[in-house]
Amino acid sequence: MTLDGNGFERAIVKHCSPTLVGIKPACLFNVPGDFAQHEKRQSTGEQNHSRQAPGTRGASGQSTSEQGPSRLRNARLDALVARANRQLAGTSVHVRVLARRSCGALVLVYRPQLLARELSAPRAAATMFSWGYETTGSGWLEAAIAHLGRKLENRQRCSANGGFPHEVGLFLGYPYDDVMAFIEHEGRDYLCCGCWKVYSDQESAEACFARYKRCTRDCEAMLGRGATLAELTSMTVAA
């Protein structure tokens with residue numbers, strides 16, 4: 001995708017239409033590029049010798065010539081997210097950067113009320129709490145989202161193939177039983193695979209996958225005809 005207004009809107013519609021129309025609590029997509037935010041902490045001794053030739057490695061391990069483009073990418077992405085949120089004002093759909101990584105920035109499109117309902121269901125809440133997440137109190141949902149973002153960034157720092165923590169599935173509205181079965185079976189022995197790996201109620205899951213596809217197809221068509229993101233949130237998708 002191109003990091004401009006039209007490209008960002010198309011990415012939101014391509015990857016997040018079910019959330020736009022209100023049939024999925026959250027969706028996630030990756031914006032390619034190096035968006036990692038490198039620390040600039042230096043000791044006093046390091047500061048005295050910190051003048052470096054362009055292209056040398058700083059304390060963060062990133063070359064000084066690379067840090068400028070990374071900052072610019074982040075600033076541009078933040079501007080696009082702010083623009084999308086202005087377009088979606090009053091629709092109950094929010095957009096935020098979930099994690100900034102050297103392999104891309106993860107953007108979360110979500111409906112806070114729907115997501116809070118999913119995560120506060122008794123089984124999900126108990127499991128999330130056991131994994132270190134806030135599940136009650138003022139601002140618990142945003143705190144939980146921020147915690148997930150930090151975990152994603154830390155995983156990528158430790159390994160380029162750090163993958164995703166299992167709780168991502170709960171944030172994205174995957175059935176609780178399928179998320180837990182995925183963990184138990186280590187991703188194997190599933191009945192079918194679409195947006196997630198299915199371990200129970202295959203018929204309902206396949207109907208859900210088909211509905212998501214219809215939703216995305218219809219939203220992309222409407223966007224191509226000039227519809228705004230806000231207008232897409234009023235669409236209805238047959239079950």
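The values are calculated or read from the model by the stated rules, or taken from the named source; none is laboratory data. Because the structure is predicted, anything quoted here is derived from the model rather than measured. No Cβ is skipped: glycine too gets one built from the backbone with ideal geometry, and neighbour counts run over all protein chains shown. Keep in mind that these areas ignore ligands, DNA and RNA; they rest on the heavy atoms of the full protein, side chains included. Shrake-Rupley method; radii C 1.70, N 1.55, O 1.52, S 1.80 Å.
Once both labels are positioned 7 Å from their Cα atoms along Cα-to-Cβ, the gap between residue 236 and residue 142 label points is 3.4 nm. Kirkwood analysis of region 130-239, using all unique Cα-Cα pairs, places the hydrodynamic radius at 16.6 Å. Applying the criteria of a DSSP loop state and at most 11 other Cβ atoms within 10 Å to the GluC sites (Glu not before Pro) of region 126-202 yields 186.
The equivalent ellipsoid that matches the C-alpha gyration tensor of region 91-158 spans semi-axes of 22, 16, 9 angstrom, in descending order. Among 222, 235, 128, 1, the sequence by solvent-accessible area, most first, with a 1.4 Å probe is 1, 222, 235, 128. When the chymotrypsin sites (Phe, Trp or Tyr not before Pro) in region 98-157 are filtered for DSSP coil states and for at most 16 other beta-carbon atoms within 10 Å of their beta-carbon, the remaining sites are 131.
Straight-line reach only, C-alpha to C-alpha below 16 angstrom: list the aspartates and glutamates that residue 14 could link to, leaving out same-chain residues fewer than 8 apart. Filter leaves 4, 218, 220, 231. Listed by chain and number, the aspartates and glutamates whose alpha-carbon sits under 19 Å from that of residue 197, ignoring those within fewer than 8 places in the same chain, are 118, 167, 177, 178, 184, 186, 189, 206.
Note: region 80-202, Cα convex hull, 130 Å³ per residue. Counting 0.36 nm for each residue step from residue 85 to residue 191 and taking away their Cα separation leaves a gain of 34.4 nm.
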